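Starting off with a structure, shown below.
FYI, it's all coordinate maths here, none of it is from the lab. Please read these numbers as outputs of a predicted model, since none were measured by experiment. So basically every Cβ, Gly included, is an ideal-geometry build from the backbone, and we count neighbours across all protein chains shown.
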């Protein structure tokens, strides 16, 4: 029945179009609309009506869902990138703080080492001075004992010389 209606409509349309075609025949391409064109238009319309809910709408939903997921993934990637940037800034700040603390500790250790070195050098000087002083005292004591011994010995030698000189003179 649909086809009969389509054919009846196409016959009327075809005769009207033939008249229009003859009027334009003077300079253009002749157009010949017959039942096959109308049948193709009807088939096209039916296919659109049938395929829209069966094919086009689901495909468009898939495309929309894909776009949503893509945008969601991009948003997630942006958030993760911002978090990574924030973590990097925190890391660099903490690293700078640790380096500063390490520098302060190093400076404290350096000053303590300098103090310790000065203390050790002072003690070494004191010990060296004491050893040198003790050595001088020993040397002075030995020199004094040698002087006493030499003095006593020189008196003996002087006495011997005197005895010899006196003894030679007596002879």
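What are the semi-axes of the equivalent ellipsoid for the stretch 34-116, taken as the square roots of 5 times the Cα gyration tensor eigenvalues, largest first, in whole Å?
Listed largest to smallest, the semi-axes of the stretch 34-116 are 76, 8, 5 Å.
Moving to a separate point now. What length, rounded to one decimal in nm, is gained on full extension from residue 129 through to residue 89, with 0.36 nm per residue of separation minus their alpha-carbon distance?
On the way: separation 40, 0.36 × 40 = 14.40 nm, distance 5.90 nm.
Extra length from residue 129 to residue 89 when fully extended: 8.5 nm.
Report, please, the projected area of the stretch 85-144 averaged over directions, based on the convex hull of its C-alpha atoms, in nm².
Details: hull surface 15.5 nm².
For the stretch 85-144, averaging the hull's shadow over all directions gives 3.9 nm².
Rg and Dmax in Å for the stretch 41-170, alpha carbons only: what are they?
Gyration radius and largest Cα-Cα distance of the stretch 41-170: 54.0, 181 Å.
Also, quick follow-up: Want the number for residue 79 to residue 103: 0.36 nm per residue separation, take away the alpha-carbon distance, what's left?
That pair, residue 79 and residue 103, stretches by 5.1 nm at full extension.
Same structure again: Run the simple label-point estimate for residue 145 and residue 110 please: 7 Å along Cα→C-beta, distance reported in nm.
So the two model labels end up 5.4 nm from each other.
Apply the a/c threshold of 1.5 to the C-alpha gyration tensor of the stretch 123-171 and tell me whether it is rounded, prolate or oblate. Before the final figure, lay out each step's value.
Working: a/c = 12.49, a/b = 8.86, b/c = 1.41.
Prolate.
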